[in-house]
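A quick write-up on the structure given underneath.
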Amino acid sequence: MVQFSDIASELERQAIELPSWAFGNSGTRFKVFGTPGTPRTPEEKIADAAQVNRYTGLAPKVALHIPWDKVADYSALRSYANDLGVELGTINSNTFQDEAYKFGSLTSSDPATRQKAIDHHLECIEIMHLTGSQDLKIWLADGTNYPGQGDIRSRQDLLASSLETIYGALGEEQRLVLEYKFFEPAFYHTDVPDWGTSYAHVAALGDRAFVCLDTGHHAPGTNIEFIVAQLLRLGKLGSFDFNSRFYADDDLIVGAADPFQLFRILYEVVRGGGYDVDSPVAFMLDQCHNVEEKIVGQMRSVLNVQEMTARALLVDRAALLEAQNANDVLGANAILMDAFYTDVRPSLAAWRESRGLAGDPIAAFKASGYQERIVAERVGGAQASWGA
Ligand code: PSV
Ligand code: MN
């Protein structure tokens, strides 16, 4: 039996990157609701993200989305973040909101459009040098709505060539992560729909190209932990975009819709070395808080990941292996379930306190008055949203 005290030291290295856009307003195609206190600038988003880190000790980096987080001086933004105790993380490109990309970006049959999309990524790489970011994350909305609309095969070739140009522009320490998603906004075919397609492209690019697995980007019923195991085995799992979903790409709080699935994913991460000290896996959130409080929503998210990581670490792997090798079907299953059903919350609270953090980070944040302060101070200006 593995005890909490056996795994506590492993929790110390947990780091989860927050998406700047989680602090802005978001919604559905029906309505984007505003909330008092919502950031108006990238700086205000970073300030809110720093609060999550301050109370949980789990979120030392903030990912940016370009152009949503465009600023005149990225070095100054970096210093601003550092002064608040956080670093700037992954740079996410965006080729899904410009009129030019209506029929595709890196896969467009029009050379000028393709070049524009490539140039956007080159600009992102320049930004990465200033922000100190390691990862360029590419998610493409490219695809078609009707059979016959585009040539699926030649779009793959164009994509490969565009990616090659972008990859060639990366600095020595920088990485490219290619995110897949099975549908939306394209409804018939998507150019990077699944992990296999992303893998084929990043494998062709080289050692510093990896797959990004967004947990909301699969067909219902997909065994995501199997994909995690396979990508770790292939050495190509670069990052996670964590969130949860009931139906499609819901972008809800990770662990909210299906805590057991999050446990199973994190068990395979631990099992496959993805949580090891030198692991190449970056853990990120990609979420939207449409109706709930945003800062608390991000806190809940990182705490959910921490709780399920602790449970995954509690799996008695030696006993499990023995049961598996003996074909003890229900015995093996019981070992996994024992860890899943262990309530680690009291142990985690005590462990946090032993490290100078609040046992209940959400309660401590709520008592701090920060939320009331930003509601009072952030008056006027345009609240950040998907478009800004
Ligand atoms: C696409 O649905 C996605 O998951 C990509 O990561 C985008 O960058 C992000 O959402 C935008 O919210
Ligand atoms: Mn994502």
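Nothing in this text is a laboratory measurement; each read-out follows from the coordinates by a stated rule. Please read all numbers here as calculations on a predicted model, not as lab measurements. Because the Cβ atoms are built from the backbone with ideal geometry, glycine has one as well, and the counts that use them run over all protein chains shown.
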Legend entry - Percent of alpha-carbon pairs separated by more than 20 Å within the range 315-388: 64
Legend entry - nm² value of the averaged projected area, convex hull over the Cα atoms of the range 296-356: 5.0
Inset, instruction - Could you bin all the Cα-Cα distances of the range 252-349 into 5 Å bins starting at 0 and give me the percent of pairs in each, rounded to whole numbers? - result: 2, 12, 20, 21, 19, 13, 7, 3, 2, 1
Inset, instruction - Compute the relative contact order of the chain as a whole-number percentage, counting only Cα pairs closer than 8 Å that sit 6 or more residues apart in sequence. - result: 21
Inset, instruction - Run the numbers on the range 1-144 and let me know its relative contact order in percent, using alpha-carbon pairs under 8 Å that are six or more apart. - result: 21
Legend entry - Choice from Gln306, Gln51, Gln97 showing the highest fluctuation, given a GNM over the chain with Cα pairs closer than 10 Å: Gln97
Inset, instruction - Taking the Cβ of each residue in Arg245, Arg317, Arg175 as the centre, tally the other Cβ atoms inside 10 Å and list the residues starting with the fewest. - result: Arg317, Arg245, Arg175
Legend entry - FRET efficiency, 1/(1 + (r/R0)^6) with R0 25 Å, evaluated for Val375 and Lys31 via beta carbons: 0.75
Inset, instruction - Run through the DSSP bridge list for the chain and note the antiparallel percent, rounded to the nearest 5. - result: 15
Inset, instruction - Starting with the fewest neighbours, write out Leu18, Leu313, Leu106 ranked by other beta-carbon atoms found within 10 Å of each beta-carbon. - result: Leu313, Leu106, Leu18
Inset, instruction - Springs between alpha-carbon atoms under 10 Å, Gaussian network over the chain: tell me which of Asn243, Asn92, Asn223 tops the mean-square fluctuations. - result: Asn223
Inset, instruction - Would you kindly calculate the translational diffusion coefficient of the range 100-240, applying Stokes-Einstein with the Kirkwood radius from alpha carbon pairs, for 37 °C and a viscosity of 0.692 mPa s, and quote it in µm² s⁻¹ without decimals? - result: 213
Inset, instruction - Return the FRET efficiency for the residue pair Phe246, Glu353: r is the Cβ-Cβ distance, R0 is 45 Å, and the value is rounded to the nearest 0.05. - result: 0.85
Inset, instruction - Run through every distinct alpha carbon pair of the chain and return the Kirkwood hydrodynamic radius in angstroms, one decimal place. - result: 21.7
Inset, instruction - Measure off 7 Å from each Cα along the Cα-to-Cβ vector at Thr222 and Thr165, then give the distance between these two points in nanometres to one decimal. - result: 2.8
Legend entry - Per residue convex hull volume, Cα atoms of the range 56-160, in Å³: 122
Inset, instruction - Holding the Cα-Cα limit at 30 Å, pick out from Lys45/Lys137; Lys181/Lys366; Lys61/Lys102 the pairs that are longer than that. - result: Lys181/Lys366; Lys61/Lys102
Inset, instruction - With r as the distance between the Cβ atoms of Gln97 and Asp151 and R0 = 25 Å, compute the FRET efficiency 1/(1 + (r/R0)^6) and round to 0.05. - result: 0.50
Legend entry - Whole-number percent relative contact order across the range 224-383, with pairs defined as alpha carbons under 8 Å at least 6 apart: 19
Inset, instruction - For the chain, with a Gaussian network of springs between Cα atoms less than 10 Å apart, report the residue from Val32, Val202, Val302 with the top mean-square fluctuation. - result: Val32
Legend entry - Listed residue pairs exceeding 24 Å between alpha carbons, taken from Lys31/Lys294; Lys70/Lys116; Lys116/Lys294: Lys116/Lys294
Inset, instruction - Could you work out how far apart the two model spin labels at Asp110 and Glu184 are, taking each label as a point 7 Å from the Cα in the direction of the beta carbon, and quote it in nm? - result: 2.7
